[in-house]
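Inspection log for the structure reproduced underneath, given as structure tokens.
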Amino acid sequence: MMRPLLKLVPDNTNIDFMRARWFAVLLSILMVGASIALIATRGLNLGVDFVGGQQIQATFTQAPSLERLRGSIGGLNLGEPTIQQFGRPNEIAVRMPRPPAGVEDAEATRRIQAAMRAVDPQVRFDNVEAVSGNVSEELAWDGALALLLAMLGIVAYIWFRFEWQFSVGALVSLLHDMIIVVGFYALTQIEVGLNFIAALLTLIGYSLNDTVVVYDRIRENLRRYRKMGIEELLNLSVNETLSRTIATNGSVLLAVLALVLIGPETIYPLTIGILVGVVVGTYSSIYVARFLLVPLGVGPDSFLPRAAPTGAERVAPRT
């Protein structure tokens, strides 16, 4: 059998992850607490998808005066415009609230575009979105429902495949990751739209894949090493899957990082959320999903059926 040319993790790696568990607990509490505080105080920068209104992305022949553009659009009496640059200085995004009663979306869009042409007759409109209030409320509800059903489905699946302690660990880990990612959006005020929901759903699926692989190894070791302490067994399981974790998460991280740095601006709210989720999810898969099994009372004699072990299985391995 050919040996791999590159070993990311040496054989017989024995890192004592449990030594830093109390530091990890404190770090998680601080990150989750800060995220909740940011969500409560700063809130999320909800996009047109969730609040309704108009959003127009345009490219001017040269960088326009934002004050002049704001005055031209504000004089339409369609609401207070939010104008910001994205990408190059001549690329402008204009966001408007829902048009007042009696003004149709198409009419409001036409008037906004006319006001922008008054600033630059050669302006090019790259993307025009108009979402009514009813549609935005439906999108927000459907997005929240999709997240809830995905989390409940994962908890049910892990409970069915493993035991309730494992499903609790997976649920707490998912909530930990999602709160921190949402807090990141609140901190940076990146616009929250359907890309935000897609990023959270991707995070849920990604975390499930990593969690199931690790839980399988923990279950195998619980059945194999019946006299090993649970903390030592969890350390063993983490070290045994460390090479796979680094290879998988590292490759995903590199791919998403490339999209964040050189990808199109339109998918930036999606890719940056996935990037943060991969980093936080890798951390939580080690220090939340796995080591939360200790206070939940998981052990070789707690719920798994006993089988007659062989002589080799009675003794913990020496590392």
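The values are calculated or read from the model by the stated rules, or taken from the named source; none is laboratory data. This one's a predicted model, so the numbers in the text were calculated from it and none came from an experiment. Note: areas computed on protein heavy atoms with side chains; ligands, DNA, RNA excluded. Shrake-Rupley method; radii C 1.70, N 1.55, O 1.52, S 1.80 Å.
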Roughly what % antiparallel, to the nearest 5, for the DSSP beta bridges in the chain? 95
Between Phe50, Phe17, Phe125, which gets the highest mean-square fluctuation from a Gaussian network model of the chain, Cα cutoff 10 Å? Phe125
How large is log10 I(q)/I(0) at q = 0.11 Å⁻¹ when the Debye formula is applied to the Cα atoms of the chain, each weighted equally and without solvent? -0.80
Show me, for the stretch 19-31, the HN-Hα J-couplings you get by feeding each phi into the Karplus relation (A = 6.51, B = -1.76, C = 1.60, θ = phi - 60°), rounded to Hz, glycine and proline as x. 4, 9, 5, 6, 5, 5, 4, 5, 4, 5, 4, 5, 5
Taking θ = phi - 60°, what integer Hz values does the Karplus form 6.51 cos²θ - 1.76 cosθ + 1.60 yield along the stretch 166-172, in sequence order, with x for Gly and Pro? 5, 5, 5, x, 5, 5, 4
Integer Hz, Karplus 6.51/-1.76/1.60 couplings in order for the stretch 198-204, x for Gly and Pro: 4, 5, 5, 5, 5, 4, 4
Rounding to the nearest 10 and keeping the result within 0 to 90°, find how far the Cα-based axis of helix 105-119 lies from the longest principal axis of the chain. 70
Counting only residues 5 or more places away or on other chains, whose amide H sits under 5 Å from the amide H of Leu46 once H atoms are built in the peptide plane? Val192
Carbon and sulfur %, accessible surface of the stretch 111-252 computed with the full protein complex present, 1.4 Å: 62
Using Cα springs under 10 Å in a Gaussian network model of the chain, which residue among Gly183, Gly193, Gly75 shows the largest mean-square fluctuation? Gly75
Any idea what angle helix 242-262 forms with the longest principal axis of the chain, computed on alpha-carbon atoms, 0 to 90 degrees, nearest 10? 10
Considering only protein heavy atoms, what is the solvent-accessible area of Thr245 at a probe of 1.4 Å, reported in Å² to the nearest 10? 10
What's the angle, to the nearest 10 degrees (0 to 90), between helix 230-240's Cα axis and the longest principal axis of the chain? 60
